[in-house]
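In what follows, a single structure is set out as C-alpha cells and then discussed.
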Amino acid sequence: MTRICLLVAGATILLVAAGCQPWIVNAALAPVDRTGYEVEDLPVVITASFARGDDVYLGLESGELKRASDARFWEPWEDLGRPIDGGPRLVFASRTGTLFVSADRRPVYRSDDAGRTWEVCLAVPVWRMEEDDEGSLYAGNYTKDDEHFATLYQSTDDGATWAAIFEEPAAHHIHTVRWDERGQRLYIAFGDGPGSGRACSDDRGASFVRIPSGRQEVCTDVAFSRDYVFWCTDTGTGRILRVARATGAVQVITGWSQFVWFGVAEDEQVFLGTVASHKPGGERAALWASHDQGASWQKLSETAWSTGPYSQGFFGESRRLSAGGWLYCTGGDENGPRSYRVRRLRRRSARRDAPRTVGGARYMRSSTSAVRAGMYT
C-alpha cells in the first residue's frame, strides 16, 4: 500500500500547503544583477559536469572528459579519455575516483583507472547519479520509449554491478536522485506519464514513500539547504517548492511558469537553472541565485530569447558546489552556448584581474566575468 505523506526529521507529517509567497514574481521583467557574485566564462562549452571537493569533471561537446583543479582552474586540465562520441548528459565521480559517463540513448560507461579504459556497466542511459555516505551509488534510467519505465538502480560495489530497487511502470524515466546528508534520506523524482511523481527512502532504497505532488506537476530536481528542501518542476506551473525541514510547511516561491531544470544548494546558498517553456511570444531562461535559502533571489544570467519549449536554458550543472564554492553550468545567449562557473563573492583580489592562459587561450578575469579572447585547444 502506498502511503501519501511527507517525512520530516523522522516524523510523519501531513502535507499542508502554507500561504504562497511568490518571491520571484516575474522572471522576464527581473534585471540581470550579479552584485555579490563572481561569474566567469569557461574556455569550452560543457554538456555535463560534476564537482567533488577540489576536483571538477567537465564533459565537452566532443565527448572528451577533463578533470580540472577548482583552486587552480586556469592551469592545464587532465585528459580522462573520450568514452563516447558527442557531449555526455551525465558525468559522475565516486568518492574512490571511479568515473561514470552517459548520454541520451547511450549506456553508462565506467572507468576505474582515471579514464585509460572504459567499459559499459549499466545498459540504460542515465541523466543523474548519486552516492550516499556509506558509498552506495544510485542511478536512474533516462529512457524515452515504450519499452522501458522509470527504474532506480543501486550499486554497492562502486558501480561494477547494479540492481533495480525502485520501479514505476506508469512513468518513463528517473529525473533525479539525491542523497540528503542532513536528513539521512534518499530522494527521487520520476516522469513522464500518469505515474510521474517523487518519493523518498529512509533506509537507503530498501523501501520508498511516495510524496504527493500537485496536478500536472512533474519534479525535475531536488536540492537541500541548511533548513529547507527545494523541489523544481517543469510542467504545468513550473513552480519551485520550498519545504521547511523542521515543520514540513510548503511554500511556493515562484510566480511564473518557466520550467525549472536544476537546483544546487549548500548551507544558505541556492542556485536554480531554468529552461524556456512555451509562453506566447517567447521568453528568456535564467540562472537564479539566493544567498539566504530562498528568501531573496537574483538573476545572474539569462539566455537568448526563445519561442519554443526547451530550446534555450541552463543545464550541465556540477550537481554540487566545488570546494571553492563554484557552480559549473552551461547557458547561452545570442552568440550561442556558453559555459560558466559562478560563486558567491568572498573577497576582492587584485590578482583576479590578471590575464590567464588556458590551453593557449588568454582570458581576463574580473570580479564578475572572464572575457574569452581565444579558443581552447
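Each value in this text was obtained by applying a stated rule to the coordinates, not by laboratory testing. These figures come from a predicted structure and were not determined experimentally. When we count neighbours, we look across all protein chains shown, and the Cβ atoms used for this are built from the backbone with ideal geometry, even at glycine.
Results, tabulated for the structure shown:
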quantity	calculated
Region 272-322, dipole about Cα centre (Lys/Arg Cβ +1, Asp/Glu Cβ -1), debye to the nearest 20	80
Long-range HN-HN contacts of R204 with modeled amide H, under 5 Å	L186
Pair D202, A114: separation of 7 Å Cα→Cβ label points (nm)	4.4
Contour excess over end-to-end distance, with Cα ends at E266 and H278 and 0.36 nm allotted per residue	1.2 nm
Cβ-based exposure ranking for R182, R106, R344, in which fewest neighbours within 10 Å come first	R182, R344, R106
Gain upon complete extension [R82, D146; 0.36 nm per residue less C-alpha separation]	20.0 nm
L29/A123 FRET efficiency (R0 41 Å; Cβ-Cβ; nearest 0.05)	0.30
Residue-by-residue Karplus 3J(HN,Hα) for region 322-328, coefficients 6.51, -1.76, 1.60, Hz, glycine and proline x	6, 4, x, x, 8, 9, 10
Exposure proxy order (Cβ contacts within 10 Å, fewest to most) of I211, I165	I165, I211
Theoretical FRET efficiency, 1/(1+(r/R0)^6), r = Cβ-Cβ of E134 and D292, R0 35 Å, to 0.05	0.65
Extension gain, A170 back to D54 (0.36 nm per residue minus Cα-Cα distance, nm)	37.8 nm
W288, W77 arranged by Cβ crowding within 10 Å, fewest neighbours leading	W77, W288
Gyration tensor verdict on region 184-334 (Cα atoms; rounded if a/c is under 1.5, prolate if a/b is larger than b/c, oblate otherwise)	oblate
